[in-house]
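Here is the structure we will look at, set down as structure tokens.
The values are calculated or read from the model by the stated rules, or taken from the named source; none is laboratory data. All of these numbers come straight from a predicted model, not from anything done at the bench. Cβ placement follows ideal geometry from the backbone for every residue including glycine, while neighbour counts extend to all protein chains displayed.
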Amino acid sequence: MIQQVKFSLSVFLFTLFYNAVSAQTNIQLLLAEGNYTNVINYLEQQQAPLRANEYYYLAIAYQQSGFHQKAIDCLLKDSVNLSSQQFDLLSRCFITSGQYAKALPICQNKYKSDPLDHINIIRYAEINNFYKNHDLNIDILTQYISHDSLNYNINLLLAESYHSAELFESAIEVYEGILRQYPDNQKIAFKLARLFYSQKDYEACHNLCVPFIEKYEKNKNFLILAGLANYKTGSNHNVLVMFNRLEASGDSSFLTKKHLGITYYRLENYDKAINYLKSAFNYKDDDPEAAYFLGAALGQSNQPLSGKIFLELAQELIKPSPALMEKSNAKLALMHFDTGNYQKAIQYYNEAHKYAPDNPQYIYYQASIYDYKLKYSTEAMGLYQSFIESLPNDLNPKKGNELYAIKLKEVANNRLTILKEERFFKNGH
């Protein structure tokens, strides 16, 4: 009888053990298959308290299903006895849910114990980046690549850390190293091209973009960046190539219309410039550059004053930019000059000079209008004299703009002499 009881107890215990092992095996299989919903449903329905490993499995299922806080709660049921794997999952959940302050000590401790765990280093770097601790990131990452120089993710983080720390040459060097290893990597190429652009190395930006433009159909980002780089250097032909290709692919964005319009303006194709800039302006009527060039292009049409409203709008949009205020007032002066409103032209040239006091040519333009158009010799003489006095004594004829100033000075001196003689014969003094 006693033996029978012992046997029955053994069978009962074995059954319990077998069922527990079987259940655990089933959970592991479900996790391996990615069947996280069934794992959650099974473990949540358990009547008895879950064991530590079951909380871990449930945390994995929660984390994979996007319930990060529930995963954290499971792992913290027994935070004192967490294994390395469980700490790793807890760190991941904290970072994924944006709880960097809680993830930081886990990553720091892991780094101290294993400075070559690249998964932990990536998380540690993400936290440092959030707190803008770029110098620490650079130190950690450079130490790691001294052991594993070809690790893609670590090198990418290092390049981004250099960039964030404004160590641009170092960032470029690391990006170039990655690109040599992965020459078809569009992500790295675009990051590097944008960095070249931000550093005003427009030629390098263009040269990097072109192979990717030619090789890949979906190259919109490279086309735009190359177009903008050439726009900055004034390479009008290349600007048209890039943005025309964008337009041919169906792009009708403000950016494309605007830059095609400005480029056609630069090439003195004012009809095309007006068409594109009007389209751009219809997309966005508060862009000062589009407004300025539309006004300037209309100023070259058979109705030049139709551009006045756009130039005045550009002035309002970008105040107090001295450069644009100078250029727009100069364009307004030319418009009024072309339509015979000479007093207005003088007024706008005077305004342009206020924003560019180092450019005395605006004084000369006023003088010549008083002289040739209005026949006001007194005003013309005074302005000619002011123009001559405002010029530096050491003008260099080998410089194009200074040679032009020298020629204007000769004209101004000649006109002063003639006007003085005319006044003498007319008034006797």
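Please go through region 249-286 and pick out each residue that is farther than 23 Å from I213 by Cβ and out of contact with any helix residue (DSSP H, G or I) (no Cβ under 7 Å at 6 or more places or on another chain).
If the condition is that a residue be farther than 23 Å from I213 by Cβ and out of contact with any helix residue (DSSP H, G or I) (no Cβ under 7 Å at 6 or more places or on another chain), then E268, N269, D271, N275, N282, D285 are the ones that fit.
Every residue in region 229-239 that is touching a residue at least 12 places away in the same chain (Cβ under 8 Å) and surrounded by fewer than 19 Cβ atoms within 10 Å (Cβ to Cβ), please.
Hits for region 229-239 are K232, T233, G234, N236, N238.
If you check L313, L277, L305, which single one turns out to be surrounded by 23 or more Cβ atoms within 10 Å (Cβ to Cβ) and assigned to a helix (DSSP H, G or I)?
From the options L313, L277, L305, the qualifying one is L277.
In this structure, does I119 turn out to be closer than 25 Å to Q28 by Cα, assigned to a helix (DSSP H, G or I), without any contact (Cβ under 8 Å) to a residue 40 or more places away in the chain and within 34 Å of the chain's Cα centre (by Cα)?
yes
Write out, first by first residue and then by second, each pair whose Cβ atoms fall under 7 Å of each other, whose residues are 6+ apart or on separate chains, and whose first residue, in region 371-388, is free of Cβ contacts under 8 Å to residues at least 40 places away in the same chain and within 16 Å of K426 (Cβ to Cβ) while the second is of a type in the set (D, E, K, R) and part of a helix (DSSP H, G or I).
Matching pairs, first to second residue: A380/D371.
Any residue in region 167-196 that is within 11 Å of L208 (Cα to Cα) sitting within a Cβ distance under 8 Å of a residue that is of a type in the set (F, W, Y) and at pLDDT below 95? List the pairs, counting only those 6 or more apart or interchain.
Listed pairs, sorted by first residue: Q186/Y216.
The rows are residues; the columns are (1) at pLDDT below 95; (2) under 30 Å from I363 (Cβ atoms).
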position: N244; (1), (2): no, no
position: E289; (1), (2): yes, yes
position: G295; (1), (2): no, yes
position: E312; (1), (2): yes, yes
position: A323; (1), (2): yes, yes
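Does region 322-338 include one or more residues that are part of a helix (DSSP H, G or I), among the small types (G, A, S) and surrounded by fewer than 20 Cβ atoms within 10 Å (Cβ to Cβ)?
yes
Looking at (1) aliphatic (A, V, I, L, M); (2) within 30 Å of P360 (Cβ to Cβ); (3) at pLDDT 95 or above, can you tell me which one L277 breaks?
Going through (1) aliphatic (A, V, I, L, M); (2) within 30 Å of P360 (Cβ to Cβ); (3) at pLDDT 95 or above one by one, L277 breaks only (2).
This table checks each residue for (1) surrounded by 15 or more Cβ atoms within 10 Å (Cβ to Cβ); (2) in contact with an Asp or Glu (Cβ under 8 Å, 6 or more places away or on another chain); (3) assigned by TED's automatic domain parsing to the domain that holds L334; (4) closer than 29 Å to N341 by Cα.
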residue: I369; (1), (2), (3), (4): yes, no, no, yes
residue: M381; (1), (2), (3), (4): yes, no, no, yes
residue: P392; (1), (2), (3), (4): no, no, no, no
residue: L408; (1), (2), (3), (4): yes, no, no, yes
residue: N414; (1), (2), (3), (4): no, no, no, yes
residue: R423; (1), (2), (3), (4): no, no, no, yes
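Scan region 240-260 residue by residue and report those that are among the β-branched types (V, I, T) and either surrounded by 19 or more Cβ atoms within 10 Å (Cβ to Cβ) or touching a Lys or Arg at 6+ places or on another chain (Cβ under 7 Å) (or both).
T256, the sole residue that qualifies.
Show the residue pairs meeting these rules: Cβ distance below 6 Å; 6+ apart or different chains; first residue within region 130-153 and without any contact (Cβ under 8 Å) to a residue 24 or more places away in the chain; second residue outside any helix (DSSP H, G or I) and of a type in the set (V, I, T).
If the second residue must be outside any helix (DSSP H, G or I) and of a type in the set (V, I, T), no pairs are left.
With the requirement that a residue be over 11 Å from I121 (Cβ atoms) and crowded, with 20+ Cβ neighbours inside 10 Å, what does region 132-155 give you?
I138, N155
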